[in-house]
Amino acid sequence: MSKIKDIKLSPSGEMKIKWVERNMPVLRGIGEDFKRIKPFAGMKVALSVHLEAKTAYLCRVMEMGGAEMYVTGSNPLSTQDDVAAALAAGGMNVFAEYGCSMERYEECLEEVLKVGPNIIIDDGGDLVHLIHTKYADLIPNVIGGCEETTTGINRLKIMSKAGELKFPMVMVNDADCKHMFDNRYGTGQSVWDGICRTTNLIVAGKYVVISGYGWCGKGVTLRAKGLGAKVIVTETDPVRALEAVMDGYEVMPMAEAAKIGDIFCTVTGGRDIITAEHYPLMKDGAILSNAGHFNIEVDMDALEKMAVEKYEARHNIQGYVMPDGRTLFTIAEGRLVNLAAADGHPAEIMDMSFAIQAMSAQFLAENRGKLKADVVAVPREIDEDVARRKLKAMGVEIDSLSREQAEYLGK
Ligand code: NAI
């Protein structure tokens, strides 16, 4: 059963899925393995991940492994209706619609939970939070879950500390083959894809302000520099701030950067990074965007309240006219710009992230009942397996340690 926008959109979604399949060789190989060993035979898997083509292909790979899939998105503005239609046309249970209300979004999360899943694949922690609050009676069915992103892991750690987490959750984001490539190079490229295609403006010569010099922030600044921007970083962690200075960027508080920036992008995983205190300081025409998981990094409520007029300046760009006549622009209402205003990370990057997801889900299935109800690290062997498969797919060979070298290094 599915609740989607329009099943007739499926041919365009199918084309997108075929394109990413071609560019996700590691996941393709895992799919072939899954077809043979069926690690999820008889299991229901609930998935809430940004519903675009790469995610759709992950769903198909899980299905090859025998899983009965129940799929929803993880943000109303990142769902692609044609992709959802293609999955539904193939018989998968899909509940997602682009641009739906937050109430509808939550109903869709509930639809995939109500079936009583055995494994949960989450992105940002909404499904896990909901099952612990509203559907606690279904928890005994759950073997465990996998969490895709930094924000979701932060939420899980808070639950774990409070003793509230009731099943094992594998921290996919913290695997090297995830955050070193997805957060850094994936976010780095796709954020600029989103900003450039939405604004159609030049980046070279502009002051670009990036908040957060974590894994994502490092990628977003690196690519801004490559596009010729004058890059400013804001941080709260002194070590990360020092790293940004040594990497050649200007570092300053937001109260200073607000006066200078032409384009802003927050990517901290925190909240209230650009607020009412900063709007009066900004230049006319400043463009505000966010790449952090939730749309709470740029204070949209404050902007709505302060503006004397709001208008659609271009598709996915909102103009807010301030009382003094300046206009500030936001992209995709402050939702994650690379997904709400572009197609998310490149397929070759998600090849690794979703390979980690699929193998972590297999790890959960194979270790049913053996793992603690806590956050669980991705086993090192999975990380190394994914890296080896990726290198092989890229045609890159590497040396291996001789026995003497291994002994010398204590390995
Ligand atoms: P991270 O933990 O590596 O880095 C976050 C950085 O932000 C830290 O250095 C922290 O000190 C800094 N920070 C926190 N509060 C701040 C503030 N008030 N002002 C300035 N800096 C501040 O996290 P990571 O992996 O870079 O993820 C950041 C966010 O991006 C998370 O919400 C994550 O879920 C999301 N994400 C988004 C992706 C996308 O496709 N748009 C992909 C991967 C992650």
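The values are calculated or read from the model by the stated rules, or taken from the named source; none is laboratory data. Keep in mind the model is a prediction, meaning the values are calculated, not measured. Every residue, glycine among them, receives a Cβ derived from its backbone with ideal geometry; neighbour counts consider all protein chains shown.
Looking across D137, D174, one residue alone is of a type in the set (D, E, K, R) and within 15 Å of the ligand (Cβ to nearest atom). It is D174.
Here is a yes/no grid of residues against (1) surrounded by 22 or more Cβ atoms within 10 Å (Cβ to Cβ); (2) out of contact with any strand residue (DSSP E or B) (no Cβ under 7 Å at 6 or more places or on another chain); (3) small (G, A, S):
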| position | (1), (2), (3) |
| --- | --- |
| C216 | yes, yes, no |
| L222 | no, yes, no |
| G248 | no, yes, yes |
| V251 | no, no, no |
| A255 | no, yes, yes |
| T275 | no, yes, no |
| D284 | no, no, no |
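For the stretch 210-246, the set of residues classified as assigned to a loop (DSSP other than H, G, I, E, B) and either within 13 Å of the ligand (Cβ to nearest atom) or in contact (Cβ under 8 Å) with a residue 60 or more places away in the chain (or both) consists of G212, Y213, G214, E235, T236, D237, listed by residue number. Counting only helices (runs of 4 or more DSSP H) wholly contained in the stretch 1-107, the ones carrying 1 or more residues that are under 21 Å from the mean Cα position of the chain (by Cα) and under 16 Å from Q362 (Cα atoms) occupy 25-37, 53-64. E297 falls short of the stated requirement of being farther than 29 Å from G125 by Cα and modelled with pLDDT of 95 or more. Condition check for L288 on (1) surrounded by fewer than 24 Cβ atoms within 10 Å (Cβ to Cβ); (2) within 16 Å of the ligand (Cβ to nearest atom); (3) part of a strand (DSSP E or B): one failure, at (1). Taking first residues from the stretch 292-315 that are in contact (Cβ under 8 Å) with a residue 60 or more places away in the chain and partners that are basic (K, R) and not in a strand (DSSP E or B), no Cβ contact under 6 Å between residues at least 6 apart in sequence or on separate chains turns up. Among the residues of the stretch 217-258, those identified as among the charged types (D, E, K, R) and over 23 Å from the mean Cα position of the chain (by Cα) are K230, E243, D247, E250, E256. Do we have A204 as surrounded by 19 or more Cβ atoms within 10 Å (Cβ to Cβ), at pLDDT 95 or above and within 20 Å of K283 (Cα to Cα) here? So A204 fails the test. Scanning the stretch 75-97 turns up no residue that is aromatic (F, W, Y) and surrounded by fewer than 24 Cβ atoms within 10 Å (Cβ to Cβ). Taking the numbered list (1) closer than 18 Å to S353 by Cβ; (2) surrounded by 21 or more Cβ atoms within 10 Å (Cβ to Cβ); (3) more than 9 Å from the ligand (Cβ to nearest atom) in turn, D182 passes all entries but (3).
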